[in-house]
Amino acid sequence: PVGFKNGTSGDVQIAADAIKAANYPHSFLSVTSQGTVAIVNTKGNSGCHLILRGGSSGTNYDTDSVAKAVAMLHKAKVNAKVVVDCSHGNSKKLHTNQPKVAADVAAQIAAGSTKILGVMIESNIEEGNQAEPHKNPGKALKYGQSITDACIHWADTEKVLRNLALAVRTRRGLCEKQAPGTK
């Protein structure tokens, strides 16, 4: 599976177009591991999905945004499931907002939504982030803290994952009530 994120503007169409293109076989010129020029043929990838990351136009993890994205994917005749990025534009680039985004996603799942395939969470042992070593010479790195995007710490990650797991169990219970004897 390969995920395509919406554009940083928030535009979802560009990712839907990429998913559609990736579904088809391609041929291109490349170099082999032996260093010779060759034509590479691919079979296409039907396991692609859309990642909703939010953007400069705002967040896109809410029920209406997910429904619009899924409708666009249906129209493009590609996999109509999405992964929600709880960070980046959806958290307004504040790592402390990630649990709120995940809670909204969990509520959608618990209410019966099957449109959401998964989530992405920026997580580490320690909260926040720190400067890369070359940007802060002489200062030791803190173990378990990101040097790139700010992350939620492990304790919050556990809470988020437990809440999402409960949402999935709740949805499964709803599905069993709607179709007794099926899983």
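The values are calculated or read from the model by the stated rules, or taken from the named source; none is laboratory data. These figures come from a predicted structure and were not determined experimentally. Because the Cβ atoms are built from the backbone with ideal geometry, glycine has one as well, and the counts that use them run over all protein chains shown. For accessibility, only protein heavy atoms count, side chains too; no ligands or nucleic acids. Shrake-Rupley method; radii C 1.70, N 1.55, O 1.52, S 1.80 Å.
What the table below lists for this structure:
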quantity	calculated
Loop sites in the stretch 35-141: GluC sites (Glu not before Pro), DSSP, at most 15 other Cβ within 10 Å	Glu126
Cβ-defined net charge surrounding Gly3, 13 Å radius [Lys, Arg +1; Asp, Glu -1]	+2
Residue-level accessible surface for Thr8, protein heavy atoms, 1.4 Å, Å²	100 Å²
Gyration tensor (Cα) of the stretch 1-69, equivalent ellipsoid semi-axes in angstrom	32, 13, 9
Accessible area of the stretch 127-176 belonging to carbon and sulfur atoms, whole % at 1.4 Å probe	56 percent
Overall Cα dimensions of the stretch 108-168 - principal axes, largest extent first, Å	52, 20, 10
Quotient of Cα Rg and 2.2 N^0.38 Å for the stretch 28-183, N being how many residues it contains	1.34
Label-point gap, in nm, between Lys93 and Ala131 - each point 7 angstrom along Cα→Cβ	1.9 nm
The chain: DSSP helices with Cα axial extent of at least 27 Å and average Kyte-Doolittle hydropathy no lower than -1.0	154-178
